[in-house]
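The values are calculated or read from the model by the stated rules, or taken from the named source; none is laboratory data. Keep in mind the model is a prediction, meaning the values are calculated, not measured. Neighbour counts are summed over all protein chains in view; Cβ atoms, including those assigned to glycine, are modelled from backbone coordinates with ideal geometry. Only protein heavy atoms, including side chains, enter the accessible area calculation; ligands, DNA and RNA are left aside. Shrake-Rupley method; radii C 1.70, N 1.55, O 1.52, S 1.80 Å.
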Amino acid sequence: MPHVLKSPRIPKQGLDNALFRSVFENTLEAIVITDARARVLEANAEACFLFGRTMDEMRSADRSKLIDVHDPRVHAALASVAVDGRFAGLLPLLRRDGSVFHADVSATRFTAPDQATRYCAFVRDVAARDLAERALLASENRYRSLIETTGTVLIGIGANGTIFEWNREAERVYGVTRAEALGADFYRAFLPEKARPAVLNDVAMVLGGDAPRSFESVVRSRDGSEYLLAWSITRLMGIGGKALGVIASGQDITELKRL
């Protein structure tokens, strides 16, 4: 019988320590642990990056090297930790070169396994957060500008039939404002009853993974005008590969057909 090598059994405490170290080092937030005298005992890689210090430099630092102790907000924060054992708010911190940066800090007092008092602070650079928020806003503005300036009707329809997108071209063709359309059931509000089965079948096929469907249909506006649109229905996927609904894009080909 062949000899089977067995993996060494790791004590639960070892597993717990390994898990803690993995989370500690891989979190996106800076973490600093200090003792009762405000000396740094532990700091993760993100903290080293944020403060511009090596691990050894972090571990040899105390409060005065990491925080602007002359700022009145710092005194209020220290008082809060002393009384309540916790603090959350904006504080001015110091990089190795002496420059000040503002960060969201959440600090908590706790008792270590050796019964010693420790303090753990989670730190997130506000400038980096604001930069990310501005980038997201710019991205959303570009998206909004794109769908609003296109000459194509764009309608977002959830898997349950609810409208979640309705651009200006859809407003023009249907004579219905975005505010009126959002949240409505597209199939009941904007499709003649006799046309629903075919469209619902196409949507179901697309949601199930089929290729985008194309067809032409006449749309009657609120004022009685009629438009001939060439439609394409495409599946919209969310995080995790779940189908959120479809995007129905319609090109107005009314004048083209009259030529």
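Some notes on this structure:
- Test: residue in the range 206-213 that is open to solvent by 70 Å² or more (accessible area, probe 1.4 Å) and not in a loop (DSSP other than H, G, I, E, B): no
- A search for C-beta distances below 7 Å between a residue of the range 64-77 that is under 22 Å from ARG53 (Cα atoms) and any residue that is open to solvent by less than 90 Å² (accessible area, probe 1.4 Å) and assigned to a helix (DSSP H, G or I), counting only pairs 6+ apart in sequence or on different chains, returns LEU66/PHE51; ILE67/VAL74; ASP68/VAL74.
- Every residue from the range 137-170 that is of a type in the set (Ser, Thr, Tyr), more than 25 Å from ILE253 (Cα to Cα) and in contact with a helix residue (DSSP H, G or I) (Cβ under 9 Å, 6 or more places away or on another chain): THR162
- If you go through the range 21-43 and pick out every residue that is of a type in the set (A, V, I, L, M) and part of a helix (DSSP H, G or I), you end up with 1.
- In the range 171-186, the residues that are under 19 Å from GLN251 (Cβ atoms) and open to solvent by 40 Å² or more (accessible area, probe 1.4 Å): GLU171, ARG172
- Tally, over the range 144-155, of residues that are surrounded by 15 or more Cβ atoms within 10 Å (Cβ to Cβ) and under 19 Å from ARG220 (Cα atoms): 4
- Evaluated against (1) over 14 Å from ALA30 (Cα atoms); (2) assigned to a helix (DSSP H, G or I); (3) open to solvent by 50 Å² or more (accessible area, probe 1.4 Å), VAL74 falls short on exactly one condition, (3).
- Among the criteria (1) surrounded by fewer than 16 Cβ atoms within 10 Å (Cβ to Cβ); (2) among the hydrophobic types (A, V, I, L, M, F, W, C); (3) closer than 26 Å to ARG144 by Cβ; (4) modelled with pLDDT under 90, the one ALA189 does not fulfil is (4).
- All of ARG124, ARG109 fail the test of being surrounded by 14 or more Cβ atoms within 10 Å (Cβ to Cβ), under 24 Å from the mean Cα position of the chain (by Cα), within 24 Å of LEU28 (Cβ to Cβ) and at pLDDT 85 or above, apart from ARG124.
- In the set ALA79, ALA121, only one residue is more than 30 Å from VAL246 (Cα to Cα) and in a helix (DSSP H, G or I); that residue is ALA79.
- Any hit, the range 86-98, residues being open to solvent by less than 70 Å² (accessible area, probe 1.4 Å), touching a strand residue (DSSP E or B) at 6+ places or on another chain (Cβ under 6 Å), closer than 19 Å to ALA36 by Cβ and at pLDDT below 85: no
- Hits in the range 192-205 - residues which are hydrophobic (A, V, I, L, M, F, W, C) and open to solvent by less than 70 Å² (accessible area, probe 1.4 Å): ALA195, ALA198, VAL199, VAL203, ALA204
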